[in-house]
Amino acid sequence: MFKTHSCGELRPENVGQEVTLAGWVNRRRDHGGLVFIVLRDRAGLTQIVSSPEAAPEAHEAAATVRGEYVIQVRGVVRLRPEEQVNPDWATGAIEVEAREVRILNLSQTPPFYIYEDSAVDEGLRLRYRYLDLRRSRMQRNILLRHRTVKFIRDFMDAHGFVEIETPFLFKSTPEGARDYLVPSRVHPGKFYALPQSPQQLKQLLMVAGYERYYQIARCFRDEDLRGDRQPEFTQLDFEMSFVERDDILDLVEVLFTELVAAVTPQKRVLSPFPRLSYAEALERYGSDKPDLRFGMELGDLTAVLSTSEFRVFRAAIEEGGQIKGIVAPGCADYARRQLDELTALAQKQGARGLVTLAFRADGVKGPAVKFLTESELAVIAQHLGAGEGDLVCIVADAKPVVAGALSALRLAFRDQLQLADPDLLAFGYVLDFPMFEWNEEGQRWDAAHHPFTMPRPNTYAAMMADPTAVLSDAYDLVCNGYELASGSIRVHDPRIQMDIFRVLGYPEEEARARFGHMMEAFSYGAPPHGGMAPGIDRTVMLLAGENNIREVIAFPKTAQAVDLMADAPSPVDQKQLDELHLKLSESE
RNA sequence: GGGGGCGUAGUGUAGUGGUUAACAUGUCGGCCUGUCAAGCCGAAGACCGCGGGUUCAAGUCCCGUCGCUCCCGCCA
């Protein structure tokens, strides 16, 4: 071993011991006659001091080291003088007096600071990710991720789940996200697909009788990226037999509550997790993944303004839309520019405009005031609970547009007014999603969750007549405005499954071609079952207080899906293409 | 596919169309025996992402392009 101790563990009780440490040179302070080296390893920092009196050769070597050199130091632990104790360090009470300094490896000057978490262009961090991962922010996040996954594995094991691996090379299905395809060398013209999730496989494991399966599963989706979306990401994928929805929700609630207490005890959670229907989430927050850390709920003014003469309101009502508003507390003094930004934000969500009313001491101000009666203004204030000093934002438009615009405004105010407690993890469940969504482009019904989702029993009867009336037994876990997990109770009755395929427009033959293996498996005694798949990256991101999953992934890709360090994707040799029976088209 | 933001020494930033592009930090050299953001002295280091255009004159204005990023579409 190159070391007897880590750089994080020496304490006053070790004084007098001869120890050997090894690590990276964090910083060096050369006083000529006296050299201080801050040595760093994964466990922490320890100050090394060398002087010509104590060990002339060690001192000579110490004077030549530079930042990020890898060195080994043999020396004696000493107490620091009382006034020189560094209270910010775990090892701040001691130092190691060098007897021997061995340079194990040199280092170029790094392209950015390793010893402090100063801002650096993210492209540069990603190109030198191995250096970025040395910095304390990334070390903290990666170790937190480890502790999170470790906790989850222990928890799942303790609750009777079996970890089972499923293949990466699987079958492409036209539903859902775009697949990453892998060409087959052995079968010219045929392709595997990397799994978007192990959905089908985990259901087959239920048919196989494992009853409780889980996996820390990598998933692949070839869609455009966001701060919370990478082309490959990790889920806690699990499935349970002989359970109903609430069995799964209760289990996941315990899992996340205990996880937070174990790995980030400084964070708080709501208890119990609020459970809202999809309809209620949209009604109150305008979103199916609401940030529940703060109020500012949407107020519905459609009924109370039904007789308004204001053209904007009348148009919305006549077109079957809605008039809804939110109250931004203390924002009545917003400048013209700020109001323009709010309007632009609403318009980006498809709204035709935004009605702003500033409730000031000298009256209500806003471009629309002259079109509204005194009593209408009073009704708006009373209905939304707006008082002096507040800014009311109203959107009158089609229902989804109103929800989208006000939800975006609500989140903008959250950030501007710092309404959300950063130490609160407001988990909540969204339930009773619609079973089907109308696909305008394809002129057909799509499964809102996926085609194996069980309809809510009391809504199933209407399925063939009116797909919009069918709710599904699907559920999402949300937290602080992010969708953290999706899941559902699955269909285990082949007759219901065929009905669903009929609504989706798959004739029996096509359904068998696409999902024949599933249909067949389900004919051999499929138990009632359901599951869920919480995203590990987003979970760790929230635990770490980051707002980007790249910060909790060791080697992430850029927003353009590029690995800047390895330079992937990259061209391949003609020979490789030939083996795979691939021919590039002219335009490439 | 569409829209916004950013791009200036290694890093982080400043820079009214007008001399030799500034500051901090880092790097290198010298001095220095109690520092911990060590200090003091000195030096090197950027043709301003790239290409084109406007202009007597472009880091600055315009167009294009590349990269990073955020958002919309997309993500069963």
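Computed from the coordinates by the stated procedures, all read-outs in this text should not be read as laboratory data. If you're wondering where the values come from, they're calculated on a predicted model, not measured in any experiment. Note that each Cβ is placed from the backbone with ideal geometry, even for glycine, and that neighbours are counted across all protein chains shown.
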Neighbourhood net charge (12 Å Cβ-Cβ; Lys/Arg +1, Asp/Glu -1) for A:Y180: -1
Burial ranking of peptide ranges A:572-583, A:473-484 (average Cβ count within 10 Å, highest at the top): A:473-484, A:572-583
Hydrodynamic radius of the range A:459-528 per Kirkwood, over alpha carbon pairs, in Å: 13.9 Å
Between 0 and 90°, nearest 10: helix A:508-522 axis offset from chain A longest Cα axis: 60 degrees
Convex hull volume per residue for the range A:144-198, taking Cα atoms only, in Å³: 129 Å³
Cα principal axis extents for the range A:257-296, largest first, Å: 34, 18, 13
12 Å Cα-Cα reach of A:K3 towards aspartates and glutamates, excluding residues that sit fewer than 8 places from it in its own chain: A:E18, A:D41
Most positive-pole-ward Cα, A:V207, A:P231, A:P188, against dipole of the range A:184-284 from beta carbon charges: A:P188
Over 21 Å [Cα-Cα, the range A:1-151], rounded percent: 47 percent
Diffusion constant of the range A:241-334 at 10 °C, which comes from Stokes-Einstein with the Kirkwood Cα-pair radius and 1.306 mPa s, µm²/s: 93 µm²/s
Global geometry of the range A:446-588, whether rounded, prolate or oblate, following the gyration tensor of its Cα atoms and the 1.5 cut on a/c: oblate
Extension gain from A:E546 to A:T468, taking 0.36 nm per residue of separation minus the Cα-Cα distance: 24.3 nm
Positive-end residue of A:I94, A:L425, A:V402, charge dipole of chain A with Cβ unit charges: A:I94
Surrounding net charge for A:K289, when Lys and Arg each add one and Asp and Glu each subtract one, Cβ distance under 9 Å: -4
Helix A:399-417 axis, angle to chain A major axis (alpha carbon atoms, nearest 10°): 30 degrees
Charge sum, other residues only, whose C-beta stays under 10 Å from A:S107's C-beta, Lys/Arg counted +1 and Asp/Glu -1: 0
Shape call, the range A:391-496: gyration tensor on alpha carbons, a/c limit 1.5: oblate
FRET efficiency for A:M498 and A:S51, using Cβ-Cβ distance with R0 set to 56 Å, rounded to 0.05: 0.10
Under 15 Å from the Cα of A:K289 - aspartates and glutamates, other chains or at least 8 residues apart: A:D228, A:E280, A:E297, A:D432, A:D476, A:E483
Relative counts (whole %) of C-alpha pair distances in the range A:110-256, using bins that are 5 Å wide: 2, 8, 13, 14, 15, 15, 13, 9, 7, 3, 1, 0
Debye, to nearest 20: dipole size of chain A, +1 on Lys, Arg Cβ, -1 on Asp, Glu Cβ: 1040 debye
Selection from A:A526, A:F2, A:L143 lying farthest towards where the dipole of chain A points positive, charges on Cβ: A:F2
Bridge type composition, chain A - antiparallel percent by DSSP, nearest 5: 90 percent
The range A:303-368 versus the range A:106-165: alpha-carbon centroid distance in Å: 45 Å
Dipole moment magnitude, nearest 20 debye, the range A:280-326 about Cα centre, only Lys, Arg, Asp, Glu C-beta charged: 140 debye
Sorted by Cβ neighbour density within 10 Å, fewest at the top, the residues A:H492, A:H146: A:H146, A:H492
With eigenvalues of the C-alpha gyration tensor scaled by 5 and rooted, the range A:450-498, Å: 24, 13, 7
Nearby lysines by direct alpha-carbon distance to A:K365 (threshold 22 angstrom, same-chain neighbours under 8 apart not counted): A:K324
Ellipsoid semi-axes in whole angstrom, largest first, where each is sqrt(5λ) of the Cα gyration tensor of chain A: 51, 37, 24
Subset of A:K202/A:K557; A:K202/A:K575; A:K150/A:K557 violating a 26 Å alpha-carbon distance limit: A:K202/A:K557; A:K202/A:K575
